[in-house]
1. Any idea which residue in the stretch 152-184 is least open to solvent (accessible area, probe 1.4 Å), counting only those that are closer than 22 Å to E132 by Cβ and part of a strand (DSSP E or B)?
2. Any residue that is in contact with a helix residue (DSSP H, G or I) (Cβ under 7 Å, 6 or more places away or on another chain) and over 24 Å from I118 (Cα atoms) - is there at least one of those in the stretch 28-41?
3. All but one of (1) out of contact with any Lys or Arg (no Cβ under 9 Å at 6 or more places or on another chain); (2) surrounded by fewer than 12 Cβ atoms within 10 Å (Cβ to Cβ); (3) under 22 Å from V143 (Cβ atoms) hold for Q42, so report the exception by its number.
4. Within the stretch 40-60, how many residues are without any contact (Cβ under 8 Å) to a residue 40 or more places away in the chain and among the hydrophobic types (A, V, I, L, M, F, W, C)?
5. Restricting attention to the stretch 1-25, and to residues there that are open to solvent by less than 30 Å² (accessible area, probe 1.4 Å) and assigned to a loop (DSSP other than H, G, I, E, B), which single residue is farthest from E84 (Cα to Cα)?
Amino acid sequence: MSGIEVRPARSFADVQTMVGPKKPTSNVCWCLSHRLDARTNQSLVGVERGEYVRELLGRTVAPGVLAYDGDEVVGWAAVAPRAELPFARSRKIPHVDDLPVWSVWCVRVRPGHRGQGISHLLVRGAADYAFEQGAPAVEGYPVDNRGEKVDLTMAYVGTRAVFEAAGFTLASPTDAVSGGFPRVVMRLPAR
């Protein structure tokens with residue numbers, strides 16, 4: 001893990017490497033499905049999805065963080081104020097209290113770099129970035145898989161163990177499920 005640096009996402013090309021489709025006209029996630037309400041998410045098709053991400057990258061607050069091994073991008077974590085996300089209205093993921101927390105909801109590590117602890121660094125780096133922006137606490141909504149294998153297509157939500165390794169503690173169970181596993185609210189307060 002030495003040499004891995006996590007910093008705010010500012011490069012469109014690097015974000016595209018991590019969450020963009022191989023074909024620009026594809027209607028894949030771009031890490032927007034949990035950032036936008038369902039109607040807006042479905043209305044953005046093909047290249048519009050990438051253009052929306054390009055707009056996010058132009059804002060003062062970055063839409064997430066990227067992990068780099070030297071000059072090579074190797075990971076992504078999305079982070080934003082929960083009030084700006086569909087999580088603010090979720091019926092399955094409870095609000096622990098009224099703090100204006102930030103959420104980390106997508107963690108991706110490039111193939112060939114997995115199993116090296118980069119996801120822990122991404123989660124912690126996302127939290128540190130949120131704290132720099134004034135967040136009083138940061139939450140994640142990973143699966144509590146109790147060591148069982150998580151399908152890679154659903155692993156983006158993270159695991160309880162990854163969040164614990166980044167210093168988060170269990171704040172609440174949820175009614176949400178991902179990949180057959182229950183999701184939990186993990187929280188890290190600002191220091």
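The values are calculated or read from the model by the stated rules, or taken from the named source; none is laboratory data. Bear in mind that the values here come from a model prediction, so they are computed numbers and not experimental data. Heads up, the Cβs are rebuilt from the backbone with ideal geometry, glycines too, and the neighbour counts pull from every protein chain shown. Side chains are part of the model used for accessible areas, which takes the heavy atoms of the whole protein and leaves out ligands, DNA and RNA. Shrake-Rupley method; radii C 1.70, N 1.55, O 1.52, S 1.80 Å.
1. This residue is A171.
2. From the stretch 28-41, those in contact with a helix residue (DSSP H, G or I) (Cβ under 7 Å, 6 or more places away or on another chain) are 29-34, 37; that's our starting set.
In the following step, the residues that additionally are over 24 Å from I118 (Cα atoms) were identified as 37.
Yes, that holds for at least one residue.
3. Only one criterion is unmet by Q42, namely (3).
4. Pass one, the stretch 40-60, residues without any contact (Cβ under 8 Å) to a residue 40 or more places away in the chain: 40-52, 55-56, 58-60.
Adding the requirement that they be among the hydrophobic types (A, V, I, L, M, F, W, C) leaves 44-45, 47, 56.
So the answer is 4.
5. Here is the first cut: in the stretch 1-25, the residues open to solvent by less than 30 Å² (accessible area, probe 1.4 Å) are 9, 15, 18-21.
Cutting the leftovers down to assigned to a loop (DSSP other than H, G, I, E, B) gives us 9, 20-21.
Working: A9: 18, G20: 22, P21: 24 Å.
Looking at the filtered set, the residue picked out is P21.
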